[in-house]
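K.L.:
There's a structure below that I have some questions on.
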Amino acid sequence: MKVYDGDHKVLGRLATLVAQDLLNGEDVRVVNAEKVFIIGNKDMIFRKYRKNRERGKQRKGPFYPRRPERIFKRTVRGMLPYQQPRGRKAFKQLRAYIGIPREFEDKEIIVPEVKDAEGSKGVMLKDVSSYLGAKF
């Protein structure tokens with residue numbers, strides 16, 4: 001089982017790394033999912049996620065999450081062949097957490113070798129979540 005730290009990592013780059021590991025049959029856990037960074041213009045990011053959230057009907061869907069760990073999982077799901085049994089099986093091996101749970105405090109947490117968001121313009125996933133109305 002691999003445990004990744006999402007602190008100040010770029011969303012798309014971390015998600016591709018996680019998706020590759022999932023397709024290779026690994027169990028993957030991502031901690032600090034609320035600190036994952038989305039690079040881009042702040043207003044455009046908020047507009048995009050608001051549009052995704054408001055798409056569809058309230059009863060029929062498609063449903064788009066508000067919470068940061070679920071937004072991260074949804075991003076990874078888009079990188080997997082989710083409509084095929086292989087992709088569904090891989091997606092079930094993923095868990096994302098807000099903060100670091102007690103069960104992972106003593107385990108080795110991998111800091112992925114993906115681009116850090118230092119000095120980039122954008123927003124953290126927790127800011128997008130609170131904009132969408134998440135309570136965490």
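K.L.:
Which of the aspartates and glutamates could be linked to LYS135 by a straight reach, that is with a Cα gap under 12 Å, when you skip same-chain ones fewer than 8 residues away?
P.N.:
ASP127
K.L.:
Taking other Cβ within 10 Å of each residue's Cβ, how do MET124, MET44 sort, fewest first?
P.N.:
Going from least to most buried by this count: MET44, MET124.
K.L.:
What ³J(HN,Hα) values, in whole Hz, does the Karplus curve 6.51 cos²θ - 1.76 cosθ + 1.60 give for the stretch 113-130 when θ = phi - 60°, with x put for Gly and Pro?
P.N.:
The phi angles translate into 8, 10, 4, 7, 8, 4, x, 9, 8, x, 9, 7, 5, 5, 6, 5, 4, 5 Hz.
K.L.:
Placing +1 at every Lys and Arg Cβ and -1 at every Asp and Glu Cβ, with all other atoms neutral, what dipole size does the chain have around its Cα centre, in debye to the nearest 20?
P.N.:
In total the dipole reaches around 1240 debye.
K.L.:
At what distance in nm do the modelled label points of LYS89 and SER120 sit from each other, each positioned 7 Å from its Cα along Cα→Cβ?
P.N.:
Result for the modelled spin labels: 3.3 nm.
K.L.:
Let me ask something else. Determine, for TYR49, TYR64, the number of other Cβ atoms within 10 Å of each Cβ, and report the residues in order from fewest to most.
P.N.:
Placing the least packed residue first, the sequence is TYR64, TYR49.
Values quoted throughout were computed directly from the atomic coordinates according to the rules given, and no laboratory measurement underlies them. Fair warning: this is a prediction, and the values are worked out from it, not measured in the lab. With ideal geometry, Cβ positions are generated from the backbone for all residues, glycine too; neighbour counts draw on all protein chains shown.
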